[in-house]
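Okay, so here's the structure we're looking at.
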Amino acid sequence: MQDVLDNLNQELGVRGSLVVTEDGVVAAASLLREEDRDLLGALATDISAKVRSALREGGIEGHKRLVLDAEYGRIVLYDLDVAALVVVLDRTINPDATMIEIESAAARIRRVGRFTASANEA
Amino acid sequence: MKGLGKDLFAQMRRSRQLRQTRKHPSPTAWATLGERHLAAGEADHALAIVEEGLQDFPTNDRLLALRQAIQKENLRERVRGLRQSIRRRPDPYLYARLADVFRELGELNKAERIAEECKGRFPGDENPYLVIGEIRAGRFRSGLMARDGKIAIDNLEQAIQINPENYKARLQLAEIYAALGANSRALPHLLHLAEETPEDAHLRDLISEVGARPVEEGDVASLLRVAERKRSTPYDFHDADRGVDEEESVAPSVDLTVLRRGTMALFAIREVVALYVASDEHGVVEARENPQASGQSFREAAAKILKAAKASSRKMDMGGFAKGFLEGSFGRIVLRRTHGVEIALLLEGSASFGAVARHVDAFFDGVFGQKRKGSRAGRS
């Protein structure tokens, strides 16, 4: 899983990435500043849970991807069922160009980490 | 030898093209020639060509964009050189220059990271504190995030502690305190500065203004929190060289009629299934949902998602939330927030973000008119 994140970080505009489980545990991380690991993990879990809950209340199910764009940064949260791939992107790049790589990394992480609800139950 | 001959032919070809371009000038011809030189690794030559082209066509977008790209490439070259020098022999001066280049490139996060690295290696040098203080002070002025203000103040205070004669750090600090209304903190710094530059009229004005104000209630942290909550500081920033973004640090007032008209236009877009529009000034403006037009379920969801997005952007130290996209088996949700007006659009399953992007831009242009032109869309 670490290799997948390290490779993803080689992509243009990717500043860091991590995989965090839905209970906030960082399963793997590849960040420029290691001290951001727990904070980013906790915040990503928090927003994922809030968005999922808000959607459920609104009768909307099955969210896969959230892109947040702020004044000085951009993050992508890719849902892996019982975990999430969090990617920190440079604000100046076109995220569409990097999204294919993120999706591909998410697919590889699913295979490697077996992050599916059924695997978790098993 | 073969390679050398090839290079020579390529150079001759470019010289011939230059002569032809001078004879029959056009923006495309100048830009193409500049791009060829750039591709050949001749950035300086490419810049000279583009400058010559801009003399004929000073407002041509392609030439202007190419000049910017070449200048950026030159700066990146400088980054590589400075990084190598730092690796060979770390020095606070080299760190400061590297941070400045990143600032020129507009990569403020990298500039800050370089300054942090310098702080770790040279904690007794005031410059990295000044770099971080300046960056965060700029961010605070445009975004009014309490966290930015605190980091700016902490670093500028530290820079002054290391070097009490650092004029830039002291002036920036005094201006932040003065804008926040932390008058008892601003005044000693202003008086110190006035001793150094007694002729400075701007400083004299600021001293008489701040001196006439009441002593503040509450500590700096609470003043910062109030500024973030109210999205404005009690007093204007006083420095003369403020940019457009800072001029607009107080969100413009929004006409409710214009907002409602824009909202109707958004809801008329074929791909929009549900919509939520709210503003800090007017609260929820509209929430609608097809086909029943009750809007209740999406209204709640959209409000909560926008709230979570704003909180996360702030906590993740990314500044104010500007826009977001949410995708899943249900379709897509577009989120935008500009100058205190926020929207959430639920799109039908097959619709792309691109299908509504120009309508959303038109909505904000209509709501803010010319005020929004040239400003960062992300101002929250």
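The values are calculated or read from the model by the stated rules, or taken from the named source; none is laboratory data. In this text, all values refer to a predicted model and were calculated from it rather than measured experimentally. Cβ sites come from the backbone with ideal geometry, for glycine too, and all protein chains shown count toward neighbours. Just the protein is used for accessible areas: all its heavy atoms, side chains included, with ligands, DNA and RNA removed. Shrake-Rupley method; radii C 1.70, N 1.55, O 1.52, S 1.80 Å.
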With x for Gly and Pro, the residue-by-residue ³J(HN,Hα) of the range B:61-67, computed from phi through the Karplus equation 6.51 cos²θ - 1.76 cosθ + 1.60 at θ = phi - 60° and given in whole Hz, is 4, 5, 5, 5, 5, 5, 4
Taking only the alpha-carbon positions of chain B as identical scatterers, the Debye log10 I(q)/I(0) at q = 0.14 Å⁻¹ comes out as -1.19
In whole Hz, with x marking every Gly and Pro, tabulate ³J(HN,Hα) for the range B:312-321 from phi via Karplus 6.51 cos²θ - 1.76 cosθ + 1.60, θ = phi - 60°. 5, 4, 5, 5, 7, 6, 9, x, x, 5
Accessible surface, the range B:64-154, averaged per residue in Å² (probe 1.4 Å): 46 Å²
Determine one quarter of the surface area of the Cα convex hull of the range B:48-155, which equals its mean projected area, and express it in nm² to one decimal. 8.4 nm²
Interchain or long-range residues, amide H under 5 Å from B:VAL273's placed H: B:LEU346, B:LEU347, B:GLU348
Three semi-axes of the equivalent ellipsoid, the range B:90-247, Cα gyration tensor, whole Å, largest first: 26, 18, 14
B:ALA362 versus B:ASP44, label points 7 Å from Cα toward the beta carbon: distance in nm? 5.0 nm
What's the carbon and sulfur percent of the protein assembly as shown's accessible surface, probe 1.4 angstrom, rounded to a whole number? 50 percent
Given a cut-off of 26 Å, name the pairs among B:LYS150/B:LYS304; A:LYS64/B:LYS307; B:LYS168/B:LYS315; B:LYS110/B:LYS230; A:LYS64/B:LYS304; B:LYS110/B:LYS315 whose C-alpha atoms lie farther apart than that in the structure shown. B:LYS150/B:LYS304; B:LYS168/B:LYS315; B:LYS110/B:LYS230
Starting from one equal scatterer on each C-alpha and no solvent at all, send me the Debye-based log10 I(q)/I(0) for the range A:1-66 at q = 0.15, 0.24, 0.26 Å⁻¹, two decimals. -0.54, -1.02, -1.09
At q = 0.09 Å⁻¹, work out log10 I(q)/I(0) for chain A with the Debye formula, treating every Cα as an identical point scatterer and leaving solvent out; two decimals please. -0.22
With DSSP loop assignment and no more than 12 other C-beta atoms within 10 Å, the trypsin sites (Lys or Arg not before Pro) in the range A:56-104 are none
If I build a Gaussian network model for chain B, linking alpha-carbon pairs within less than 10 angstrom, which residue out of B:GLU117, B:GLU42, B:GLU165 has the largest mean-square fluctuation? B:GLU42
Between B:GLN84 and B:ASN163, take the C-beta separation as r, use R0 = 45 Å, and let me know the FRET efficiency to the nearest 0.05. 0.95
Tell me, what is the FRET efficiency for A:GLU34 and B:GLU209 to the nearest 0.05, using R0 = 56 angstrom and their Cβ-Cβ distance as r? 0.75
Taking the range B:46-111, which GluC sites (Glu not before Pro) meet the DSSP loop condition and have no more than 15 other C-beta atoms within 10 Å? none
For Cα pairs less than 8 Å apart in space and 6+ apart in sequence, what is the mean separation divided by the residue count of chain B, i.e. the relative contact order in percent? 10 percent
Can you pull the Kirkwood radius for the protein assembly as shown, inverse mean 1/r over Cα pairs, to one decimal in Å? 25.7 Å
Check each of the trypsin sites (Lys or Arg not before Pro) in the range B:1-65 and keep only those in coil by DSSP with at most 13 other C-beta atoms within 10 angstrom; list them in order. none
Which cross-chain or sequence-distant (5 or more) residues have an amide H under 5 Å from the amide H of A:LEU89, H modelled 1.01 Å from N in plane? A:ARG15, A:ARG74, A:ILE75, A:VAL76
Could you please tell me the mean projected area of the C-alpha convex hull for the range B:256-372, averaged over all directions and given in square nanometres to one decimal? 7.2 nm²
Provide the per-residue ³J(HN,Hα) series for the range B:196-208, in order, calculated from phi with Karplus coefficients 6.51, -1.76, 1.60 and θ = phi - 60°, each as a whole number of Hz, with x at glycine and proline positions. 6, 10, x, 8, 6, 5, 4, 5, 4, 4, 5, 5, 5
Volume in Å³ per residue [convex hull over Cα atoms, computed for the range B:2-80]: 77 Å³
Cβ-Cβ cut-off under 10 Å around B:ALA194, Lys and Arg +1, Asp and Glu -1: the net charge is -3
Suppose a student asked you for the relative contact order of the range B:271-347, using Cα pairs under 8 Å spaced at least 6 residues apart; what percent would you report? 33 percent
Net dipole in debye of the range B:1-101 [+1 Lys, Arg Cβ; -1 Asp, Glu Cβ; about Cα centre; nearest 20]: 460 debye
